[in-house]
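Okay, structure first, notes after.
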Amino acid sequence: CCRPCVSPGAAAARARQSSRLGVSSTVKVTKYSAVLAGMVYGKKKYAFPWFGMDIGGTLVKLVYFEPKDITVEEEQEEVENLKNIRKYLTLNVAYGSSGIRDVHLELKDLTLCGRKGNLHFIRFPTQDMPAFIQMGGDKHFATLHTTLCATGGGAHKFEPDFQTMAHLRLRKLDELDCLIKGVLYIDSVSFNGHSECYYFENASDPEKCQKMPYNLENPYPLLLVNIGSGVSILAVYSKDNYKRVTGTSLGGGTFLGLCCLLTGCSTFEEALEMASHGDSTKVDKLVKDIYGGDYERFGLPGWAVASSFGSMICKEKRDSVSKEDLARATLVTITNNIGSIARMCALNENITRVVFVGNFLRVNTLSMKLLAYAMDYWSKGQLKALFLEHEGYFGAVGALLELLDSAEP
Amino acid sequence: MDRKTPPIERAAENGAALYANGLQNGFLPLPSSQSNGTSNCCSRYRDNDGAPLPHDCSGSNLHPSEMQNHTSPSRKCRGRRRIDSGKKNRPPFPWFGMDIGGTLVKLVYFEPKDITAEEEQEEVENLKSIRKYLTSNIAYGKTGIRDVHLELKNLTICGRKGNLHFIRFPTQAMPRFIQMGRDKNFSSLHTTLCATGGGAYKFEEEFRMMANLRLHKVDELDALIQGLLYVDSVGYNGLPECYCFENAADPERCVKKPYCLDNPYPMLLVNIGSGVSILAVYSKDNFKRVTGTSLGGGTFLGLCCLLTGCETFEEALEMAAKGDSTNVDKLVKDIYGGDYERFNLRGSAVASSFGHMMSKEKRDSISKEDLARATLVTITNNIGSIARMCALNEKIDRVVFVGNFLRINMVSMKLLAYAMDFWSKGQLKALFLEHEGYFGAVGALLELLKITDDQ
């Protein structure tokens, strides 16, 4: 649901609350630029364009709200470059050589702060940040006097570049604050009428395994596992109360980096493609390879992996595996390690629902099913693995919400 | 030759079982009179001149001389030499303990040095040749190695005096080993072969069929604990078995320091072999396997072989010693431009292992040594991280790392020591043991002596 238009007093109170949570200070939207953007006097509005940006270690995630209820009057007043931005983003699905708009994730007919429109989800490699900032400079984005809310490590790293190359001030937000905010919001508005949250039933059976909707209305407590370049694990107790339990550096970046080295592939999609055709049991040393069967005393079935890549110490085995096998083994190793660590955290925090997000899971059904199975199997059915359709975009959404939450007239 | 005299038991004042020779469970009882103020505190660790070696005794910071004045048992570092049990229930020679792991076979062999002339005359030929073969060589076939530096000299086990030898060879060579057992007619010695590790199950059939040998199987984690406690109790030829690293963060000042494991419980035991098992040990008979991880020593070696073309563990370590993992890993500062202060992640922390390797330019610019180093650091830190989580949850502050992944692997040991200390803000202590990967085999040997005794 939308945030209802609120009085200036309430907005100020919310801004104070935001700063109590450790959010950096607000950049005020002046009344002048609000008029420029078509603000109606007396009614609470915020200057367009509305962006949320999450600059991660590997990918930049951008959410853009495209207003569909622009009045004739507003359109007349709209400045040229704002109109260009709107058209450029919504008429294309690809930008430059590496930017992509995930059209299937578009949230249609959303009401956000009294405005109706569509929410778009765009991503491009962080490597291309300089080109993006340059574009912002060339298109005089700074003259729009809008706040650019950004989260992720890159909000800190690229802040000087935004300033010098494009005269843009970033409002920096913490990535985990934004993540949680984004997750709760998207789940509440749902995915064009469908469920945002889902799980896998019969995860152990490839024939019968299917995606089932999950109602996340009472989400607390939940364990949130964010798998980006690296991994953060959060225990979330309420919308304002969470802690970062731990993290691991063996994340999506590790999977892709190792795959590139071991197989010669260059992209995430290629790596996944190879992995889908491979057999990791040729690469890993299983319990049965060491025990000749199960290790019954401690409940370790023969098919469990005892030593990832353990068979690769032998030259003959190395010569007999394919690139696809190596890609698969890398995927399985990283995925299972994350699952194992997540399970330990869930146990210790006494939480039974584990939500996995982050772009490592994008188009990666293999890992999702592995996680679903592992959580269920090793916990004897106590833990449930949950997933969200908008995977890696929640930080960007959270940044957008911050923009709308604390901007003042 | 075996005289099976049942031990005479009676209850001591404190209720503990006393054997006829006055021992309690094989250990000297505490000195009954403590009024004379003397103690054999810290007498275990002495240098060549007999002066006490400074060491960490049960976590206390007392100087050895100060400990003389403490008479409370918990503060004393009791001399715990295992005394001649006097029991005559001994298995026939040879005395072996075997741990058949996923990558390596660990073998301990007790060489008796108190053989009488009469015994020698009666000794069968193949037993004598086994003894000579093992003790006259330090390498066997192409891949067998005796770790001479680990030999425990003048040990008394079950009333016999001798040396304990530590031998290893790749599990890949197991068929040849079994073959040798057959060729040397080992089964005619009618001795029990106590074996632990997964291979005790996997190769059981082969032993029987190829060499007519019956294995007595022992669980690998039971054997590990018993072996560890035993070796720590007998000490390492007068030197400490257990040690820690002081100033782990500073390469210049980082030093190995003895650690007294007299009061070992509770402890977290992290066994890093091909894979990893993590145990919480509460007493000598009470432990649980907390968890494990499949990213272990086998992963390090397997990945290294694939990434660098090396073939052995030694080569991999050699390369890693020269490499720079920060060229391969994506650090927090590569993403944040500095520290991630909100959650206390320093810029130098690794955010994404191998994270730079998705970029072709970076791939072309790093060396094999960098890759080997990154593999070592990644595997080691992952184990450390998981161990730390377990220690936290089990509320244990001492973490003992064993297993052959740490053999000649100072880089990993120091990394673990540093990581445990740093991420726990000094709450956790990483401990190491000289006989690293051999405790399972020792435990199997002890089982041999125990089952004979039980008969």
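Does A:Ser190 meet the test of being open to solvent by 10 Å² or more (accessible area, probe 1.4 Å), at pLDDT below 95 and among the hydroxyl-bearing types (Ser, Thr, Tyr)? For A:Ser190, the condition - open to solvent by 10 Å² or more (accessible area, probe 1.4 Å), at pLDDT below 95 and among the hydroxyl-bearing types (Ser, Thr, Tyr) - is met.
Looking only at segment B:326-337, residues that are within 9 Å of chain A (Cβ to nearest Cβ) and either among the polar types (S, T, N, Q) or open to solvent by 30 Å² or more (accessible area, probe 1.4 Å) (or both) come to 3 in all. Only a single item in (1) of a type in the set (A, V, I, L, M); (2) away from chain B (no Cβ under 14 Å); (3) open to solvent by less than 10 Å² (accessible area, probe 1.4 Å) is not met by A:Ile341, and it is number (2). Can you confirm whether A:Ile55 is under 23 Å from A:Thr267 (Cβ atoms), within 14 Å of another protein chain (Cβ to nearest Cβ) and either of a type in the set (A, V, I, L, M, F, W, C) or buried (at least 17 other Cβ atoms within 10 Å of the Cβ) (or both)? Taking the combined requirement at face value, the residue satisfies it.
Scanning segment B:215-223 turns up no residue that is closer than 23 Å to B:Gly181 by Cβ, open to solvent by 20 Å² or more (accessible area, probe 1.4 Å), more than 14 Å from every other protein chain (Cβ to nearest Cβ) and assigned to a helix (DSSP H, G or I).
A:Val72 satisfies every condition listed in (1) buried (at least 17 other Cβ atoms within 10 Å of the Cβ); (2) free of Cβ contacts under 8 Å to residues at least 60 places away in the same chain except (1).
Any chance segment A:280-299 includes a residue that's under 22 Å from B:Val332 (Cα atoms), in a strand (DSSP E or B) and either within 12 Å of chain B (Cβ to nearest Cβ) or free of Cβ contacts under 8 Å to residues at least 12 places away in the same chain (or both)? Taking every residue of segment A:280-299 in turn, none turns out to be under 22 Å from B:Val332 (Cα atoms), in a strand (DSSP E or B) and either within 12 Å of chain B (Cβ to nearest Cβ) or free of Cβ contacts under 8 Å to residues at least 12 places away in the same chain (or both). Is it fair to say A:Gly152 is open to solvent by 30 Å² or more (accessible area, probe 1.4 Å) and on the phi > 0 side of the Ramachandran plot? Judged against the criteria, A:Gly152 is not a match.
Scanning segment B:293-316 for residues that are open to solvent by 20 Å² or more (accessible area, probe 1.4 Å) and among the small types (Gly, Ala, Ser), we see that the one that is farthest from the other protein chains (Cβ to nearest Cβ) is B:Gly309. So which residues in segment A:137-149 are surrounded by fewer than 20 Cβ atoms within 10 Å (Cβ to Cβ) and not aliphatic (A, V, I, L, M), if there are any at all? Within segment A:137-149, A:Gly137, A:Asp138, A:Lys139, A:His140, A:Thr143, A:His145 qualify.
Among (1) open to solvent by 10 Å² or more (accessible area, probe 1.4 Å); (2) more than 14 Å from chain A (Cβ to nearest Cβ); (3) hydrophobic (A, V, I, L, M, F, W, C), which single condition is B:Ala211 missing? Going through the list (1) open to solvent by 10 Å² or more (accessible area, probe 1.4 Å); (2) more than 14 Å from chain A (Cβ to nearest Cβ); (3) hydrophobic (A, V, I, L, M, F, W, C), B:Ala211 breaks only (1).
Within the span defined as segment B:251-262, every residue fails to be in contact (Cβ under 8 Å) with a residue 40 or more places away in the chain, among the aliphatic types (A, V, I, L, M) and open to solvent by 10 Å² or more (accessible area, probe 1.4 Å).
If I filter segment B:237-250 down to residues being surrounded by fewer than 17 Cβ atoms within 10 Å (Cβ to Cβ) and under 19 Å from B:Ala419 (Cβ atoms), which single residue comes out as modelled with the highest pLDDT? So that I can check it myself, show each step before the final result.
Of all residues in segment B:237-250, those surrounded by fewer than 17 Cβ atoms within 10 Å (Cβ to Cβ) come to B:237-239, B:246-247, B:249-250.
Keeping just the survivors that are under 19 Å from B:Ala419 (Cβ atoms) gives B:246-247, B:249-250.
Working: B:Glu246: 92, B:Asn247: 89, B:Ala249: 80, B:Asp250: 83.
Once the filter is applied, the top-ranked residue is B:Glu246.
Scanning segment B:121-152 for residues that are loosely packed, with under 13 Cβ neighbours inside 10 Å, at pLDDT 95 or above and not small (Gly, Ala, Ser) yields a count of 2.
There is no residue in segment B:267-289 that is surrounded by 23 or more Cβ atoms within 10 Å (Cβ to Cβ), closer than 17 Å to A:Val305 by Cα and without any contact (Cβ under 8 Å) to a residue 12 or more places away in the chain. Listed by first and then second residue, the pairs linking a residue in segment B:338-367 that is more than 8 Å from chain A (Cβ to nearest Cβ) to a residue that is acidic (Asp, Glu), with Cβ atoms under 6 Å apart and 6 or more places separating them unless they lie on different chains, are B:Arg346/B:Asp339; B:Gly347/B:Asp339.
Going residue by residue through segment B:180-202, is there one that turns out to be within 14 Å of chain A (Cβ to nearest Cβ), open to solvent by 50 Å² or more (accessible area, probe 1.4 Å) and not small (Gly, Ala, Ser)? Within segment B:180-202, one or more residues are within 14 Å of chain A (Cβ to nearest Cβ), open to solvent by 50 Å² or more (accessible area, probe 1.4 Å) and not small (Gly, Ala, Ser). Note on segment A:225-279: residues that are farther than 20 Å from B:Met357 by Cβ and out of contact with any Cys (no Cβ under 6 Å at 6 or more places or on another chain) total 18.
Is it the case that segment A:356-364 has a residue that's within 14 Å of chain B (Cβ to nearest Cβ), touching a residue at least 24 places away in the same chain (Cβ under 8 Å) and of a type in the set (S, T, N, Q)?
Taking segment A:356-364 first, the residues within 14 Å of chain B (Cβ to nearest Cβ) are A:358-360.
Now narrow it down to the ones that are touching a residue at least 24 places away in the same chain (Cβ under 8 Å): A:358-360.
Subsequent filtering for residues that are of a type in the set (S, T, N, Q) retains A:359.
Yes; the residues of segment A:356-364 include at least one that is within 14 Å of chain B (Cβ to nearest Cβ), touching a residue at least 24 places away in the same chain (Cβ under 8 Å) and of a type in the set (S, T, N, Q).
Just wondering, is there one or more residues in segment B:347-358 that are more than 28 Å from B:Gly292 (Cα to Cα) and open to solvent by 30 Å² or more (accessible area, probe 1.4 Å)? The answer is yes, given that some residue of segment B:347-358 is more than 28 Å from B:Gly292 (Cα to Cα) and open to solvent by 30 Å² or more (accessible area, probe 1.4 Å).
Just give me the residues in segment B:402-436 being touching a residue at least 40 places away in the same chain (Cβ under 8 Å), open to solvent by 10 Å² or more (accessible area, probe 1.4 Å) and in a loop (DSSP other than H, G, I, E, B), in sequence order. B:Arg407, B:Ile408, B:Leu428, B:Glu434 - these are the residues of segment B:402-436 that are touching a residue at least 40 places away in the same chain (Cβ under 8 Å), open to solvent by 10 Å² or more (accessible area, probe 1.4 Å) and in a loop (DSSP other than H, G, I, E, B). Taking residues in segment B:303-315 that are charged (D, E, K, R), and partners anywhere that are surrounded by fewer than 19 Cβ atoms within 10 Å (Cβ to Cβ), the pairs with Cβ atoms closer than 7 Å and at least 6 places apart or on different chains are B:Glu311/A:Lys315.
Note on segment A:345-371: residues that are under 15 Å from A:Ser232 (Cβ atoms) and open to solvent by 10 Å² or more (accessible area, probe 1.4 Å) amount to 2.
Do we find that A:Thr330 is more than 9 Å from chain B (Cβ to nearest Cβ), in contact with a Ser or Thr (Cβ under 9 Å, 6 or more places away or on another chain), within 20 Å of B:Gly297 (Cα to Cα) and of a type outside the set (A, V, I, L, M, F, W, C) in this structure? Walk me through how you get there before you give the answer.
Values: more than 9 Å from chain B (Cβ to nearest Cβ): yes; in contact with a Ser or Thr (Cβ under 9 Å, 6 or more places away or on another chain): yes; within 20 Å of B:Gly297 (Cα to Cα): yes; of a type outside the set (A, V, I, L, M, F, W, C): yes.
Yes, satisfied.
The values are calculated or read from the model by the stated rules, or taken from the named source; none is laboratory data. Here the structure is a predicted model, which is why all the values come from computation and not from measurement. Note that each Cβ is placed from the backbone with ideal geometry, even for glycine, and that neighbours are counted across all protein chains shown. Surface areas here come from the heavy atoms of the whole protein model, side chains and all, with no ligands, DNA or RNA. Shrake-Rupley method; radii C 1.70, N 1.55, O 1.52, S 1.80 Å.
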